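This report refers to the structure that appears directly beneath it.
Quick note: the coordinates plus some simple rules give every number you see, no bench work behind them. If you're wondering where the values come from, they're calculated on a predicted model, not measured in any experiment. Counting neighbours? That spans all protein chains shown, and the Cβs are built from the backbone with ideal geometry, glycine included.
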Amino acid sequence: MYEFDYRRPNTLDEALEALRTAPDGKLLAGGQTLLPTLKQRLANPSDLIDLAHIQDLKGISVEGDTLVIGAMTRHAEVATSPDVRARIPALAELAGDIGDRQVRNRGTIGGSIANNDPAADYPAACLGLNATITTDRREIGADDFFTDLFETALVEDEVVVAVRFPVPVRAAYMKFKNPASRYAIVGVFVAQNSDGVRVAVTGAGASGVFRVPEMEAALAADFATGAIEGIAVPQDDLNSDIHASAEYRAHLVGVMARRAVAACG
Amino acid sequence: MTVTVSMTVNGEVVSGEVEPRTLLVQFLRDQLRLTGTHIGCDTSQCGACVVHVDGVSVKSCTMLAVQAENAAITTIEGLADGERLHPMQEAFRENHGLQCGYCTPGMVMSAIDLVRDRPDITEDEIRKGIDGNLCRCTGYHNIVKSIKAGAQAMKG
Ligand SMILES: Cc1cc2nc3c(=O)[nH]c(=O)nc-3n(C[C@H](O)[C@H](O)[C@H](O)COP(=O)(O)OP(=O)(O)OC[C@H]3O[C@@H](n4cnc5c(N)ncnc54)[C@H](O)[C@@H]3O)c2cc1C
Ligand code: FES
Ligand code: FES
């Protein structure tokens, strides 16, 4: 790792101030992506600004029909939270299947979505549930938040504060894991929301998480696995790498989507 | 530039001068000479470095020492009571749950966190629960057996 300075703000304002004044400051959440990246010397920030001591970024609350999850909430907390389990069990299960137990004890939802790894799980839940991302200065809809591989709508000194998930009628997430890394080769989040059906795919897209409008329309008309049988996603927009070809991923999107619909019950 | 960190390690308050980039595992091994915690990879995948931080299992290679300020850390050295092994350590010994032993400290630390209050944890749950710990020797079978026995023993 290259050298850096370490800062430990106690409030969001202090964190923003630290970000603005550091020559090249970077936020540190759970560190489960950032620290491995630094160990490989793939980044060289001047300062790490640790968000762990800012109370306003932590915790899970229920506001009417919305579940609000603070940016610094660990994956393990989301997986075991009675509020999440009762209202959006698919989200609790998704969180409980991220990486391994030790990664879940440190990794956070804010870090995961800010990082926007094309094979990460939370982006599929945000897009599938039509979540809203609250930052220090604005609200960003999930459709606008995830812009490209490892790219989001966040500007340089913007901090994710919370993610707001509308409670769906029903939802399920199905992930075909890479057995070595546990990241998704393909993951499909299907949700029947109060304003329509959403199908969000992670792991497969050449530019990150995406929706499948044809499947959404078919499921809106008839929420059954048969309704999406035969709907294929174009291979041109999919990722090919050592783990899976675009053709294989396209096939998996169909399989995982049907399994998710079936799991919705 | 160095900074001072203090934390409780195996029940004792310790402090030291570290660089901000010092990993918790480096602090434990190089400064405190607690070399039971191992380093098996540089990609946060092997689990040889697992310790408990405030009661939960964490990869100490993926946490900075400064992030552990004021935390309570338990390492493999902190488990036994004098000559008496922790029930999970004893279970690994009894069930031949190790061969070269490189992965063992991390396995034991992960196992204790996994089975706490779950004496009847199933084999499937154990296999899934140690996803973050790799072993190149045993084929896992006896590790799973050890953890199952350790879970029962920890109940008593
Ligand atoms: C072995 C292993 C397996 C994994 N498997 C999976 C998996 O199966 N699925 C999966 O989805 N992920 C997986 N991950 C990644 C894991 O979920 C990370 O925890 C997550 O991607 C990043 O969250 P973090 O809190 O650790 O963030 P950090 O690593 O601390 O930060 C990541 C990035 O986000 C920025 N950031 C952090 N918080 C904020 C904020 N509040 N506002 C703005 N920017 C912020 C940081 O500056 C940094 O650029 C795995 C990681 C490991 C090591
Ligand atoms: S040394 Fe491999 S996970 Fe920590
Ligand atoms: S006993 Fe050798 S690596 Fe597990």
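Sequence neighbours fewer than 8 away in the same chain don't count; with that in mind, list the lysines whose C-alpha is under 18 Å from B:Lys128.
Excluding near neighbours in sequence, the set is A:Lys175, A:Lys177, B:Lys59, B:Lys145, B:Lys148.
Could you give the distance between the Cα centres of the range A:135-200 and the range A:37-61, to the whole Å?
The range A:135-200 and the range A:37-61 have Cα centres spaced 20 Å from each other.
Mind pulling the per residue volume of the convex hull built on the Cα atoms of the range A:1-135? Å³ is fine.
Looking at the range A:1-135, the number lands at 109 Å³ per residue.
For the range A:20-95, what's the radius of gyration and Dmax over Cα atoms, in angstrom?
15.5, 45
When you take every Cα atom in the range B:3-77, what is the radius of gyration, and what is Dmax, the widest Cα pair distance, in Å?
Here Rg and the maximum Cα pair distance are 10.9, 30 Å.
Hand me the GluC sites (Glu not before Pro) from the range B:61-113 located in a DSSP loop with no more than 14 other Cβ atoms within 10 Å, in residue order please.
Sites meeting the loop and neighbour criteria: B:Glu83.
Computed on alpha carbon atoms, what radius of gyration and Dmax characterise the range A:5-50, expressed in Å?
According to the Cα coordinates of the range A:5-50, Rg and Dmax are 10.5, 31 Å.
Taking neighbour counts of Cβ atoms within 10 Å as a proxy for exposure, in what order, fewest first, do B:Val5, B:Val14 appear?
So the ranking, lowest neighbour count to highest, is B:Val14, B:Val5.
Rounded to the nearest 500, what is chain B's calculated 222 nm mean residue ellipticity when only DSSP H runs of at least 4 contribute -39500 (n - 2.57) each, over all residues?
-8000 deg cm²/dmol
What Kirkwood hydrodynamic radius do you get for the protein assembly as shown when you take the inverse of the mean 1/r over all pairs of distinct Cα atoms, in Å?
Hydrodynamic radius (Kirkwood, Cα only) of the protein assembly as shown equals 22.5 Å.
In Å, the Kirkwood hydrodynamic radius of chain B over pairs of distinct alpha carbons?
Taking every pair of different Cα atoms in chain B, averaging 1/r and inverting gives 15.7 Å.
Per residue of the range B:126-143, what does 6.51 cos²θ - 1.76 cosθ + 1.60 with θ = phi - 60° give for ³J(HN,Hα)? Whole Hz please, x for Gly and Pro, Karplus curve as stated.
Residue by residue, the range B:126-143 yields 5, 4, 5, x, 9, 3, x, 10, 9, 10, 9, 10, 7, x, 6, 4, 6, 5 Hz.
Above 25 angstrom, tally the Cα pairs of the range A:58-264 and express them as a % of all pairs, no decimals.
Tail of the P(r) past 25 Å holds 31 percent of the pairs.
Quick check: net charge around B:Glu69, other residues with Cβ under 11 Å of its Cβ, Lys/Arg +1 and Asp/Glu -1?
Taking every other residue near B:Glu69 into account, the sum is 0.
Taking the convex hull of the Cα atoms, report for the range B:87-155 its projected area averaged over all directions, in nm².
Result: 3.7 nm².
Run the dipole for the protein assembly as shown about the Cα centre, Lys and Arg Cβ at +1, Asp and Glu Cβ at -1, nothing else charged, and hand back the magnitude in debye, nearest 20.
1280
Could you please report the charge total around B:Gly97, scoring K, R as +1 and D, E as -1 over all other residues with beta-carbon less than 15 angstrom from its beta-carbon?
+2
For the pair B:Lys155 and B:Ile39, what calculated FRET efficiency results from E = 1/(1 + (r/R0)^6), where r is the Cβ-Cβ distance and R0 = 45 Å, to the nearest 0.05?
Between B:Ile39 and B:Lys155 the formula returns 0.85.
Does anyone have the angle between helix A:12-21 and the longest principal axis of chain A? Alpha-carbon axes, 0 to 90°, nearest 10?
Once rounded, the angle reads 70 degrees.
Using the count of nearby Cβ atoms within 10 Å as a rough guide to exposure, how do A:Phe4, A:Phe189 rank from fewest to most?
The most exposed by this proxy come first: A:Phe4, A:Phe189.
Taking Cα atoms, how many degrees apart are the long axis of helix A:246-264 and the longest axis of chain A, rounded to 10 and kept between 0 and 90?
Once rounded, the angle reads 80 degrees.
For A:Lys39, go through the aspartates and glutamates and keep the ones whose alpha-carbon is under 19 Å away, minus same-chain ones fewer than eight residues off.
Within reach: A:Glu3, A:Asp5, A:Asp24, A:Asp47, A:Asp50, A:Asp117, B:Glu19, B:Asp30, B:Asp42.
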